[in-house]
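First comes the structure, then the notes that go with it.
FYI, it's all coordinate maths here, none of it is from the lab. What you see is a predicted model; the values in this text were computed from it and never measured. Backbone-built Cβ (ideal geometry, glycine too); neighbour counts: all protein chains shown.
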Amino acid sequence: MAVFSLVHGGQQGAWCFEPLQAELEQLRHRSVAVDLPIGDPDAGASEYAEVVVSSLADVDEEVVVVGHSLGGLTLPLIAQRRPVRLLVFVCAVIPEPGTNPYDLIAQDAEDSETAHPSLLDDDAQWHLTPREEAREVFFFDCPREIQEWALDRQRPQCEKPHREVTPLREWPPVPAAVANGVFDRCIPIARARRTALRVFGRTPVELQEGHFPFLTSPRLIAEELDRLARGAERSWPVTVALEAQHA
């Protein structure tokens, strides 16, 4: 049995992992998900990481940390604070020392016109994507009942994690796996490929999914996480972040 720490993205909460947690439980794994303080304007990636670490206070063993979307910013920070076996970025933002996501998205928009405009509001201190826009960007490939369930639970996201220079100074010596959705409208696959190449020296595993593969295909994601945790036939290539960072 492995213990998975599940870290949600912006505007979301621990609730979004409920279908995945049910599947992981069927595979005899334990999972822990916690609400991040996304409504606190003073909370950034370090504060988010501390909340995740606190949620694992009763876990002595190494955990597999899975981050989605904005939650990816916390993953290496968690690994600097407690024992971690593996970092898994699923349709996630990957932190790059010396940068912030806002500037990287803006640069990407200039270079390739792939950034979504709702992520580039110069004045906002927080954002909550309008319901129908969120349906089309985040949940378009989910069943209608899942869309409504998710849209009812979204909450405002404060901007500090987007705009602060990442507190990450160097990558911890922990393996990392990266997977992105080919049809993701939030983190376009072209951007995901460039980022993974820049940070890890290889492109991500490409899933035939949108931004929430653990809502559209929770069993598939649970099975892949199970394989990664067991170190069996790995369909998601794993790379050591410390060795790959800016090699």
Average Cα contact separation per residue, the chain, under 8 Å, 6 or more apart, as relative contact order %: 23
Other-chain or far-sequence residues with amide H under 5 Å of SER31's (modelled H): PHE4
Charge-dipole axis of the chain as Lys and Arg at +1 and Asp and Glu at -1 on Cβ define it, positive-most pick from LEU228, ILE187, VAL90: LEU228
Between segment 83-106 and segment 134-197, the Cα center-to-center distance that results, in Å: 10
In Hz, Karplus ³J(HN,Hα) per residue of segment 81-95 (6.51, -1.76, 1.60; θ = phi - 60°; x = Gly, Pro): 10, 7, x, 9, 7, 7, 9, 10, 9, 10, 6, 10, 6, 9, x
Residues with amide H under 5 Å from that of GLY181, placed H, sequence gap 5 or more: CYS91, LEU207
Most mobile of ALA179, ALA33, ALA14 in a GNM of the chain (Cα contacts under 10 Å): ALA14
Debye, to nearest 20: dipole size of segment 1-106, +1 on Lys, Arg Cβ, -1 on Asp, Glu Cβ: 280
Listed candidates (1) 1.06; (2) 0.92; (3) 1.03 - label of the one calculated as Rg/Rh (Cα atoms, Kirkwood Rh): (2)
Cβ charges +1 (Lys, Arg) and -1 (Asp, Glu), total dipole of segment 3-244, debye: 680
Antiparallel content of DSSP bridges confined to the chain, in %, to 5: 20
Mean-position separation - Cα centroids, segment 20-37 and segment 45-61, in angstrom: 15
ARG28 versus ARG227: modelled label distance in nm, points set 7 Å from Cα along the beta carbon direction: 2.0
Förster radius 30 Å - calculated FRET efficiency between LEU197 and ASP35, Cβ distance, rounded to 0.05: 0.35
Phi-based couplings in Hz for segment 139-146 (Karplus 6.51, -1.76, 1.60; Gly and Pro marked x): 10, 4, 9, 8, x, 4, 5, 5
Residues of segment 19-53 with amide N under 16 Å of a point placed 7 Å along Cα→Cβ from ARG153: 19-25, 31-38
15 Å cut-off, amide nitrogen to a point 7 angstrom out along MET1 Cα→Cβ, residues in segment 41-70: 58-64
Residue of LEU77, LEU87, LEU220 that the Gaussian network model of the chain assigns the largest fluctuation, springs spanning Cα pairs under 10 Å: LEU220
Relative contact order of segment 148-217, defined on C-alpha pairs under 8 angstrom at six or more residues apart (%): 30
Calculated FRET value between ASP58 and GLU132, using beta carbons and R₀ = 45 Å, to 0.05: 0.65
Karplus (6.51, -1.76, 1.60) ³J(HN,Hα), θ = phi - 60°, over segment 206-218, in Hz, Gly and Pro reported as x: 9, 9, 7, 9, x, 7, 10, x, 7, 9, 7, 9, x
